[in-house]
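The values are calculated or read from the model by the stated rules, or taken from the named source; none is laboratory data. Everything numeric here is computed off the predicted structure, so don't read it as measured data. Note that each Cβ is placed from the backbone with ideal geometry, even for glycine, and that neighbours are counted across all protein chains shown. Accessible surface is based on the protein model in full, side chains and every heavy atom, while ligands, DNA and RNA are left aside. Shrake-Rupley method; radii C 1.70, N 1.55, O 1.52, S 1.80 Å.
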Amino acid sequence: MDKWLRNTNVVRVVALIIGILLWVVVHMDQTNLSGNSPLREREETINNVAITTKYDESHYFISSMTPSNVQVILSGKEASVKKVTTNNNYQIELDLTQVGKGDQQLMLKAVGFPSDVDVQIVPRTVHVVIEELQMKEVPVVINLKGTPAAGLKAGQPIVKPNKVYITAPTSKLGQIENVRGEVSVDKAQSAVTKQVRLQAFDKDGKEVTVNMNPSVVDVEVPITSPFQTIPLQIKITGEPPKGFAISQVTQNPDKITVYGTQDVVDKLEFYQGPQLNVQDIKETKDYSLDIPLRNKVTQLDPAKVTVHVEVVPSITKVLDNIPLTIIGQNENYNTKVVLPETAKLSMTVEGAPTLIDQIKVQDVQAILDVSNLPPGKHEVNVTVNLPTYVKFATPQQVKATVEISEKAPKTANP
């Protein structure tokens, strides 16, 4: 080794090698400092950065925010700036947690940026309008679309639940007219059951976006024959024996729903129910009767009726001076009652005390029908119409005699 060091040529070669190495090292440092050195200062501009809002969404709503995007200018060491542009951990935040409703001009905050990066937000503030959310209960309306199969009719939709809660800003809540859904019953032959998504609409029929709970409801649409609810009439025949009378008859129900084709249902004003014979009844009774199908009616609801017949001991009363009323007179003849001479009747009637105490002569009709009778004297049966549940004290057939004669011809004035 000593010999080499004493050799001039060896020393020269070593010095050359050391010089080359120093040059390489210096050149590499200069390249790093002038190129992509992590120590180099850098500025970066990011456009259209969305603003992240932080607030209580269960109580407030941002109706407007201007602007909604900002420009972010970053400056700092290149490595730190590069970290920002290569990940999405940073945010431009608008913190509204301590702000109430109204118009506000608020500062933006940079969140998630490296501490050694300077962040400039342009613009630094935004104008925001905050509204308070309100809750309102609204009934559900179901619109039916289409027509069921021939001869059938869609009934009233059954909605569960039939009301929903909507949450919206105060300004928007006032616009809502109704909440509705749609169900198709086109060509349906049986009940239609489905889940329906609801939408809120304003008075002009435009959809309004709101939070709705629930937003989907269960709907069932009955499909039936056309129907109509009309009075139910019970016919009472016979009467209690002498000494007893009906004071009152009540029925349940007094109305009935009839089903059938549309032309059959439309013609009915009342429905003739069963006939009840109360002949010789001496005490109050309840009857359960089947209601018969009549006149092409296909279904009845209900199918039975309960009739309560109240029977009490009867009393009698004499009615005098009941006038005879003549009907069916020929305009070319004179018709006169000759028997009884007064053209008035007297009769004894029987019934429940509550009815007999109130009966008057005006409540009784005595009718003589002289239709198609020729001139002469005729004994004619008198048709007597008594109030309901009032009868003759003794069974009788009332007659009267009438005389029919031609009218004298009119004479011309001289």
Val264 meets each of (1) within 34 Å of the chain's Cα centre (by Cα); (2) in a loop (DSSP other than H, G, I, E, B) with one exception, condition (2)
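Suppose we keep only residues that are open to solvent by 50 Å² or more (accessible area, probe 1.4 Å) and polar (S, T, N, Q) within segment 372-404. Which one would you say is farthest from Asn321 (Cα to Cα)? Quick ask: steps written out before the conclusion?
Step one: filter segment 372-404 for residues open to solvent by 50 Å² or more (accessible area, probe 1.4 Å), giving 372-375, 377, 379, 381, 383, 385, 388-389, 394-397, 399, 403.
Right, trim to polar (S, T, N, Q) and you get 372, 381, 383, 385, 388, 394, 396-397.
Details: Asn372: 27, Asn381: 18, Thr383: 16, Asn385: 15, Thr388: 21, Thr394: 19, Gln396: 18, Gln397: 18 Å.
Per the criteria, the residue is Asn372.
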Before we move on, is Lys304 under 33 Å from the mean Cα position of the chain (by Cα) and either open to solvent by 100 Å² or more (accessible area, probe 1.4 Å) or at pLDDT 95 or above (or both)?
yes
Go through segment 267-283 and give me each residue that's over 30 Å from Leu152 (Cβ atoms) and either in a strand (DSSP E or B) or among the charged types (D, E, K, R) (or both).
Gln275, Leu276, Asn277, Asp280, Lys282, Glu283
Index of the failed condition, Thr342 passing every other in (1) open to solvent by 30 Å² or more (accessible area, probe 1.4 Å); (2) touching a residue at least 24 places away in the same chain (Cβ under 8 Å); (3) in a loop (DSSP other than H, G, I, E, B); (4) β-branched (Val, Ile, Thr):
(2)
Can you give me the number of residues within segment 307-327 that are open to solvent by 40 Å² or more (accessible area, probe 1.4 Å) and either part of a loop (DSSP other than H, G, I, E, B) or more than 30 Å from Val402 (Cα to Cα) (or both)?
4
Pairs only if they're at least six apart or on different chains, beta carbon under 9 angstrom, first in segment 66-77 and more than 19 Å from Asp118 (Cα to Cα), second aromatic (Phe, Trp, Tyr); list them, first residue then second.
none
State whether one or more residues within segment 146-166 are in contact with a helix residue (DSSP H, G or I) (Cβ under 9 Å, 6 or more places away or on another chain) and open to solvent by less than 30 Å² (accessible area, probe 1.4 Å).
yes
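Where in segment 35-99 are the strands (runs of 3 or more DSSP E), entirely inside, with at least 2 residues that are at pLDDT 85 or above and over 22 Å from Lys172 (Cα atoms)?
Numbers: elements: 41-54, 60-66, 69-77, 91-95.
Fully inside segment 35-99 and qualifying: 41-54, 69-77, 91-95.
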Just to verify a result, which residue in segment 124-145, among those that are touching a residue at least 40 places away in the same chain (Cβ under 8 Å), in contact with a Phe, Trp or Tyr (Cβ under 9 Å, 6 or more places away or on another chain) and of a type in the set (D, E, K, R), is surrounded by the most Cβ atoms within 10 Å (Cβ to Cβ)?
Glu131
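Residue-by-condition table, conditions (1) open to solvent by 30 Å² or more (accessible area, probe 1.4 Å); (2) under 30 Å from Leu133 (Cα atoms):
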| position | (1), (2) |
| --- | --- |
| Val183 | no, no |
| Gln195 | yes, yes |
| Phe227 | yes, no |
| Pro240 | no, no |
| Asp263 | yes, no |
| Gln275 | yes, no |
